[in-house]
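S.K.: Provided herewith is a single structure, encoded as structure tokens, for subsequent inquiry.
The values are calculated or read from the model by the stated rules, or taken from the named source; none is laboratory data. For clarity, every value in this text was computed on a predicted model and none was experimentally measured. Note that we place each Cβ from the backbone using ideal geometry, even for glycine, and neighbour counts take in every protein chain shown. Surface accessibility is based on the protein's heavy atoms, side chains included, excluding ligands, DNA and RNA. Shrake-Rupley method; radii C 1.70, N 1.55, O 1.52, S 1.80 Å.
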Amino acid sequence: MYLKTLELHNFRNYADLVVEFGSGINVLLGENAQGKTNLLESIYFLALTRSHRTNSDRDLISWKTKAAQVSGSVQKEHTVTPLEINLSSKGKNAKVNHLEQSRLSQYVGQLNVILFAPEDLSIVKGSPAVRRKFIDMEFGQMSSKYLYNSAQYRSVLKQRNQYIKQLQFNPKGDQVYLDVLSDQLAAHGAEIIFQRIQFLKKLEKWSQEVHKEISQGKEKLSFQYVSPISSDQADTTEKIYAALQALFQKQREKELQQGKTLVGPHLDDVRFMVNDKNVSTFGSQGQQRTTALSVKLAEIDLMKEETGEYPVLLLDDVLSELDDSRQTHLLTAIQNKVQTFITTTSLSGVAQQLINEPHVFNIDHGVLMQSKEE
């Protein structure tokens with residue numbers, strides 16, 4: 001899978017852009033604040049219908065304009081698929097093969113991307129919310145079922161929290177309705193937790209191979225899914241559903257006191273362990289970077305395994321954050337394997353030596369020019 005063409009209209013600092021990319025490594029060169037990250041953001045948006053930098057779609061529309069469009073064509077093994085997303089004050093709509101999709105969840109998965117930016121080191125050392133967002137975004141691209149259950153869970157969770165707040169002011173309110181919402185939340189939550197555990201097992205397998213190579217066999221990486229539901233309760237969705245139901249009953253008084261749902265996958269976490277120690281707490285900065293790099297590279301193979309196609313890799317100013325050894329592992333792993341977009345202020349050192357025949361684009365104030373010196 002690779003992004004063959006990209007068109008932008010009034011997206012960030014790009015008034016009009018039409019560009020064709022290579023199927024290998026595409027290097028986006030330019031000084032800071034010229035639009036390199038904006039271009040990567042547009043590709044991410046085309047894939048997932050949302051930005052990785054802002055929760056407000058309005059931020060994506062160029063200043064003093066009212067609408068924006070991101071479109072492109074995705075080359076897969078035997079087909080070329082046109083994609084299009086239109087943004088305005090009324091919202092957004094997405095099209096596949098020029099046909100509007102009734103739900104955005106039907107659209108996601110047409111173009112799979114993996115983004116690796118300096119802030120992705122927070123996957124390891126950041127908050128549980130960062131790791132939950134990471135697994136939800138990545139696993140959602142691989143499974144429409146996971147994406148559906150995540151959307152349903154968020155909707156029911158919002159309803160349940162609102163109703164719990166109502167019961168705080170009216171303790172004699174209808175508890176039966178709370179039971180109904182608890183049942184729905186447990187059903188969707190059980191599917192999410194079960195799939196998370198299954199996906200994490202596969203991601204762990206791929207990550208261990210990469211991590212072993214980078215650490216020269218001195219370290220072993222492993223994952224732990226952190227949840228009040230024990231591992232012996234989590235081997236089937238039925239068991240997880242029953243466990244969640246029991247937890248909701250057990251926590252009901254506390255939930256009514258605090259006015260919110262206190263258990264469920266929206267509060268779970270993933271723990272990264274190196275040689276059986278929590279790397280976010282006890283690991284060095286080098287171990288944390290190696291772990292983050294291993295997980296990101298492992299995602300490439302997991303997506304191929306799950307979808308049959310390699311994803312598109314977006315590297316936003318990552319090379320400057322990695323030492324020569326980790327740069328070498330990264331660039332060697334992706335060479336001739338996945339379409340890659342690299343943003344950088346200069347292509348030098350290890351990167352210049354290792355990247356074969358890159359397609360180089362110079363970016364200056366939202367204007368993109370393909371370099372003749374490739």
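S.K.: So if I take the centroid of the Cα atoms in the range 313-365 and the same for the range 179-254, what is the distance between those two points in Å?
M.R.: Each part's Cα centre sits 34 Å from the other's.
S.K.: Just order 133-143, 71-81 by mean Cβ neighbour count inside 10 Å, highest at the front, would you? All intermediate terms of the calculation are to be shown ahead of the outcome.
M.R.: Numbers: 133-143: 19.9, 71-81: 14.4.
Ranking the peptides 133-143, 71-81 by packing returns 133-143, 71-81.
S.K.: Report the full-extension gain for the segment Val226 to Glu357: residue separation times 0.36 nm, less the Cα-Cα distance, to one decimal in nm.
M.R.: Values: separation 131, 0.36 × 131 = 47.16 nm, distance 4.38 nm.
Stretched out fully, the Val226 to Glu357 stretch lengthens by 42.8 nm.
S.K.: Okay, moving on. Which value, in Å² rounded to 10, gives the accessible area of Leu256 with a 1.4 Å probe and all protein chains present?
M.R.: Surface open to solvent at Leu256 totals about 40 Å².
S.K.: Over the chain, with a Gaussian network built from C-alpha contacts below 10 Å, which listed residue (Leu29, Leu185, Leu104) shows the highest mean-square fluctuation?
M.R.: Its mean-square fluctuation being the largest, the pick is Leu104.
S.K.: Continuing with the same structure: Karplus couplings for the range 318-327 from phi (6.51 cos²θ - 1.76 cosθ + 1.60, θ = phi - 60°), rounded to Hz, Gly and Pro as x?
M.R.: 7, 4, 5, 8, 10, 6, 4, 5, 6, 4
S.K.: Based only on Cα atoms, what mean projected area does the convex hull of the range 46-113 have, in nm²?
M.R.: One quarter of the hull surface, i.e. the mean projection, equals 4.9 nm².
S.K.: Could you tell me what a quarter of the Cα convex hull surface of the range 255-366 works out to, in nm² with one decimal place?
M.R.: One quarter of the hull surface, i.e. the mean projection, equals 11.8 nm².
S.K.: Once phi is turned into ³J(HN,Hα) by the Karplus curve 6.51 cos²θ - 1.76 cosθ + 1.60 with θ = phi - 60°, what whole-Hz value does each residue of the range 212-226 show in order, with x for glycine and proline?
M.R.: So the J values, rounded to whole Hz, are 4, 5, 5, 8, 6, x, 8, 10, 10, 9, 9, 10, 10, 8, 9.
S.K.: First select every other residue whose beta carbon is under 12 angstrom from the beta carbon of Glu138; then total the charges, Lys and Arg +1, Asp and Glu -1.
M.R.: So the environment of Glu138 carries a net charge of +2.
S.K.: Stretch Gln216-Thr328 to full length: gain in nm at 0.36 nm per residue minus the Cα-Cα span?
M.R.: Here the segment from Gln216 to Thr328 would lengthen by 39.0 nm.
S.K.: Hey, another quick one. Determine the sum of side-chain charges near Lys212: Lys and Arg each +1, Asp and Glu each -1, restricted to other residues whose C-beta is under 11 angstrom from that of Lys212.
M.R.: -1
S.K.: Also, I was wondering about something else. Only Cα pairs within less than 10 Å get springs; with that Gaussian network setup on the chain, which residue of Ser325, Ser227, Ser182 has the largest fluctuation?
M.R.: Among Ser325, Ser227, Ser182, the largest mean-square fluctuation in the Gaussian network model of the chain belongs to Ser325.
S.K.: Do the sum for the chain: with -39,500 (n - 2.57) for every DSSP H run of n ≥ 4, divided by all residues, what is the mean residue ellipticity at 222 nm, to the nearest 500 deg cm²/dmol?
M.R.: -15000 deg cm²/dmol
S.K.: Now for a different question. Once the Cα gyration tensor of the range 157-303 is diagonalised, what are the square roots of 5 times its eigenvalues, in whole Å and ordered largest first, as equivalent ellipsoid semi-axes?
M.R.: With the √(5λ) rule applied to the range 157-303, the semi-axes are 38, 16, 12 Å.
S.K.: Which of Leu200, Leu354, Leu28 ends up with the largest GNM mean-square fluctuation for the chain, with Cα atoms connected below 10 Å?
M.R.: Among Leu200, Leu354, Leu28, the largest GNM mean-square fluctuation belongs to Leu354.
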